[in-house]
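The structure appears right after this line, and notes come after that.
The values are calculated or read from the model by the stated rules, or taken from the named source; none is laboratory data. Note that the structure is a prediction, hence the values are computed from the model and not measured. Here the Cβ positions follow ideal geometry from the backbone for every residue, glycine too, while neighbour counts run over all protein chains shown. With ligands, DNA and RNA removed, areas are computed over all heavy atoms of the protein, side chains included. Shrake-Rupley method; radii C 1.70, N 1.55, O 1.52, S 1.80 Å.
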Amino acid sequence: MPETNRLQNYINGKWCESSASQYLEVHNPATAETLARVPLSPPEEVDQAARAAAQAQVEWRRVPAVQRIQPLFKLKDLMEDAFEDLARSITLENGKVLDDARGEIRRAIENVEVACGIPMMMMGDFSEDIARGIDEYMIRQPVGVVASICPFNFPGMIPFWYLPYAVACGNTILIKPSERTPITMQKVFHLLEQAGFPPGVVNLINGGPDTVNAILDHPLIAGITFVGSTPVARHVYARAAANGKRVQAQGGAKNPLIILPDADLETTTNIITDSVYGNAGQRCLAASTVVSVAGAAKSFVPALAEAAQKRKVGVGLEPGVQMGPVITPQSKERILGLIQKGVDEGARLVVDGRDAVIPGYEKGNFIRPTILDNVPAGSTIATTEIFGPVMGIMHVDNVDEAVALVNSGKYGNMACIFTSSGAAARRFRYEAQAGNIGINIGVAATMAFFPFSGWKESFFGTLHGQGKHAVEFFTQTKVVVERWLKDWSRQF
Ligand code: NAD
């Protein structure tokens, strides 16, 4: 492997070779080819980055907001120019099909665009005469140095739920990408370098759990955002909070979709298939459980089975391919084990995707779309986040039972309903315990100007990523009560 494939950190405006004693290989999940080697950066490099960020923040917060957003306008143009290159990079390291990767970069750019509105979004409030001759006002100031710890499944988008808002609000930031998909951020930081941020404002630190823990413990870092699995989200939330930091931690999911018998068969089938199998089921908004109400399954199970079998599986860069591989061989093994567990626990295997060999790509981590019907309530398949291309189908008699089933789950990332009844949809929206709701929508991905919500074990904290929530999270409020007596000014 040529040395050029060793990924670097970007600290204080400079690319730096890590002194890490360990590098991990980054593989293309479709071919098993080694794409790069990523350093597991030691705590001293986190310290270097945090110090550089703290030093830069002193001056960066004094730059007026209208000027702080100028590098973001430039970044948008640079990202538009590099659009195809960034999308290809995501497909190569993550495996998702090129169109999904393009959609991901589009979402990243949308967050840059929204953050360009910071001068208005971070305005304060003013009340004149809260008592005679006394005024009171609230201003927003940056929190200081912040850090974002990111997962493998959206290597291009998730850092952008945070970075544009953080820096536009006057903070400086460290980004820690997933060690499984660190290449796209390497490319993004080459664009950030050209966008015109002063040294130390944006920093990239590669690594794994030890690097994360060094970030969580660092006294100069005031705020942490995390996206990843629930056990790690819980750990990050607890450890960072114990160190006195503000934290938001997005966790895992087990997203249910409810089908009523009055749902449109063709559209609903297409939408559900996309939701379950898009990015090989490795989206935090991937549907995992389909809940059939009052016999809807009678027409839907054959339609879903046909659509699942037709789905073209292969290498994400090839035209016409609809689903790529899962991220690692270990992930594939875990998913195959869960499918078997489902069968052992009494589910009926309607479509079996376990024997997936893609000619020419025998080393890829492929699983074809799989459907398990009659999944028993409370079973492993019904309750575990699979994060693979597996649909579990469950059956209930009415909407009450469907809502109860949805709300019995420990996660609350997304819940969707498919129906032509406005009353049923409204009731579902009102009752469902999830932060993102889809009504005849299978992937309720919020636009950049809405918070990416999540409830229960899918989220720890109060403020989410994106939009106004991000502005709240990346600023602290200061309230001033002010009195000026006439007599005082007469002296001058
Ligand atoms: P992960 O939890 O394994 O890793 C996420 C990050 O945490 C990585 O940067 C990793 O280096 C770090 N990490 C891993 N183990 C750690 C440990 N023990 N201590 C400290 N840091 C650690 O998650 P993943 O596999 O990369 O991503 C998939 C998960 O992310 C799924 O559960 C998915 O549902 C979730 N996800 C959630 C959302 C959301 O918005 N709720 C969005 C995307 C992904």
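For every residue, the table says whether it meets (1) outside any loop (DSSP other than H, G, I, E, B); (2) away from the ligand (no atom under 16 Å from the Cβ); (3) out of contact with any helix residue (DSSP H, G or I) (no Cβ under 9 Å at 6 or more places or on another chain); (4) modelled with pLDDT of 95 or more.
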| position | (1), (2), (3), (4) |
| --- | --- |
| 258 | yes, yes, no, yes |
| 271 | yes, yes, yes, yes |
| 278 | yes, no, no, yes |
| 309 | yes, yes, yes, yes |
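Residue check, residue 212 against (1) open to solvent by 10 Å² or more (accessible area, probe 1.4 Å); (2) under 26 Å from residue 106 (Cβ atoms), all met but one. Which one?
That leaves (2) as the condition not met.
Would you call residue 285 within 9 Å of the ligand (Cβ to nearest atom), at pLDDT 95 or above and part of a loop (DSSP other than H, G, I, E, B)?
Judged against the criteria, residue 285 is a match.
Which ones in segment 238-279 are closer than 30 Å to residue 221 by Cα and within 16 Å of the chain's Cα centre (by Cα)?
Correct list: 247, 248, 249, 250, 251, 252, 253.
Considering only segment 379-453, give the helices (runs of 4 or more DSSP H) lying wholly within it that have at least 1 residues that are over 20 Å from residue 252 (Cα atoms).
The qualifying helices (runs of 4 or more DSSP H) are 399-408, 422-431.
Among the residues of segment 354-394, what is the count of those that are free of Cβ contacts under 8 Å to residues at least 40 places away in the same chain and out of contact with any helix residue (DSSP H, G or I) (no Cβ under 8 Å at 6 or more places or on another chain)?
The number of residues fulfilling the criteria is 7.
Spot the failing condition for residue 121; the list is (1) under 22 Å from the mean Cα position of the chain (by Cα); (2) of a type in the set (A, V, I, L, M, F, W, C); (3) open to solvent by 40 Å² or more (accessible area, probe 1.4 Å), and only one is missed.
It is condition (1) that residue 121 fails.
Taking residue 146 as the residue in question, decide whether it is away from the ligand (no atom under 12 Å from the Cβ), assigned to a strand (DSSP E or B) and open to solvent by less than 20 Å² (accessible area, probe 1.4 Å).
yes
If you take just the helices (runs of 4 or more DSSP H) that sit entirely in segment 155-240, which of them hold at least 3 residues that are near the ligand (Cβ under 8 Å from one of its atoms) and either of a type in the set (A, V, I, L, M, F, W, C) or within 18 Å of residue 10 (Cα to Cα) (or both)?
It comes to 209-217.
Select from segment 294-323 the residues that are crowded, with 22+ Cβ neighbours inside 10 Å and in contact with a Pro (Cβ under 7 Å, 6 or more places away or on another chain) and list them in ascending order.
Within segment 294-323, 296, 308, 323 meet the criteria.
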